[in-house]
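See below for the structure under consideration.
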Amino acid sequence: MSDSVPGPAPGARTHRLRVVDVVAETADARTLVLQAPEDGADRFAYRPGQFLTLKLPGADGRSAARCYSLASSPHTGEPLKVTVKRVAGGYGSNWVCDRVAAGHELEVLPPAGTFTPSDLDTDLLLVAGGSGITPVLSIAKSALAAGRGGVTLLYANRDEGSVIFRDELRRLTEAHPDRLLVIHWLESLQGLPVAGRLAGALAPYTGRETFVCGPGPMMDAAEQALRTLGVPGERIHRERFFSLSGDVFDLPAPAVGEESASAGPGTTADVELDGETHTVAWPQGTVLLDVLLAAGVDAPYSCREGACSACTCRVVTGEVKMLRNEILDDQDLAEGYVLACQSVPLTDRVGITYT
Ligand code: FES
């Protein structure tokens, strides 16, 4: 294998990141330690719990996109790290675990995702299963480094050998004995983490903002347990997994045609992005992302199908309607978050921020 992943030169949205180390966390999980590009370091600023989209050579000769959560924290000075666990029969995870080595380069989209706490100073309850620990570890480290609250982590695994980050979690507990409590749940000893059993373990922490990431049945069980305990849905944040159906690296440029631009009175949008405010005409029926890209604004996106959250922004004035939303939850919507790739305007003037 060459030092670089094969593929075309990166476009404006993608960056080549050098793999500086590969760490075997368990028999079937690897952490890639990545070097942010010097000329694009600001594009790789991230919030705890976000993910990177990696470009992999696909089995059919075309490229494939896979999203992996960052295990590192933006508050500890550590390099970017993504952790990948093999999925039986999964092309992307096995390719990464088998083929990627230190010195290789990967083509990567900037961090994205909404599975991130709005306040690091509050007490947090984190529930993870298997490789779902990855974004949860990022949140825990960030809260401990930059926040003031307590963190309780319930971490479910098949057995002791499948516990990812065991040593790092132990070190964190030793460093923050008054603020971090890790409750390991081993199925080999305690059985499956079903709702009835989880409720007992989670009951003392129900007043907290809660983040849940893991296999679907485990997240369902955790949510059911929390709801049974009276935790309102808006306090339960679940990481959503999605598959990107298209080639997000080689999407054609969106067209905002004259016909669309001249149809009806349209809207004016004031869009704050990277410290600049862009005022653009927003034709009715056209999604915001297309308007911004056509205007030359370097707005973030990945799937353009309402499934990944890379284009998330917030409405500060006016109203929009989303055509499709597979990823934002009720809490996100209540806080004004929308997907730029799916938002069409409903009012004459709309204010948007990406901060
Ligand atoms: S780009 Fe993926 S949801 Fe908008």
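Tabulated results
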| read-out | value |
| --- | --- |
| Wholly within the stretch 299-355, strands (runs of 3 or more DSSP E) carrying at least 3 residues that are over 25 Å from Asp42 (Cα atoms) | 320-322, 343-345 |
| The stretch 260-274, residues that are at pLDDT below 95 and open to solvent by 40 Å² or more (accessible area, probe 1.4 Å) | Ala261, Ser262, Ala263, Gly264, Pro265, Asp274 |
| Residue in the stretch 244-259 that is of a type in the set (Asp, Glu), in a loop (DSSP other than H, G, I, E, B) and either at pLDDT below 95 or surrounded by 13 or more Cβ atoms within 10 Å (Cβ to Cβ) (or both) present | yes |
| Residues of the stretch 34-46 classified as surrounded by fewer than 21 Cβ atoms within 10 Å (Cβ to Cβ) and either touching a strand residue (DSSP E or B) at 6+ places or on another chain (Cβ under 7 Å) or modelled with pLDDT of 90 or more (or both), total | 7 |
| Selected residue (only one of Asp121, Asp60 is away from the ligand (no atom under 16 Å from the Cβ), acidic (Asp, Glu) and modelled with pLDDT under 90) | Asp60 |
| Flag if Ala145 is of a type in the set (A, V, I, L, M), open to solvent by less than 10 Å² (accessible area, probe 1.4 Å) and under 21 Å from the mean Cα position of the chain (by Cα) | no |
| Residue in the stretch 275-289 that is away from the ligand (no atom under 16 Å from the Cβ), in contact (Cβ under 8 Å) with a residue 60 or more places away in the chain and open to solvent by 10 Å² or more (accessible area, probe 1.4 Å) present | yes |
| The stretch 337-352 - residue that is within 16 Å of the ligand (Cβ to nearest atom) and open to solvent by less than 40 Å² (accessible area, probe 1.4 Å) and, of those, farthest from Cys303 (Cα to Cα) | Ile352 |
| Among residues of the stretch 167-219, those that are under 16 Å from Val127 (Cβ atoms), among the polar types (S, T, N, Q) and open to solvent by less than 60 Å² (accessible area, probe 1.4 Å), counted | 2 |
| Qualifying residue in the stretch 50-59 (condition: of a type in the set (Ser, Thr, Tyr), closer than 30 Å to Ala146 by Cβ and open to solvent by 10 Å² or more (accessible area, probe 1.4 Å)) | no |
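The values are calculated or read from the model by the stated rules, or taken from the named source; none is laboratory data. This one's a predicted model, so the numbers in the text were calculated from it and none came from an experiment. Cβ sites come from the backbone with ideal geometry, for glycine too, and all protein chains shown count toward neighbours. Note: accessible area is taken over every heavy atom of the protein model, side chains too, but ligands, DNA and RNA are not part of it. Shrake-Rupley method; radii C 1.70, N 1.55, O 1.52, S 1.80 Å.
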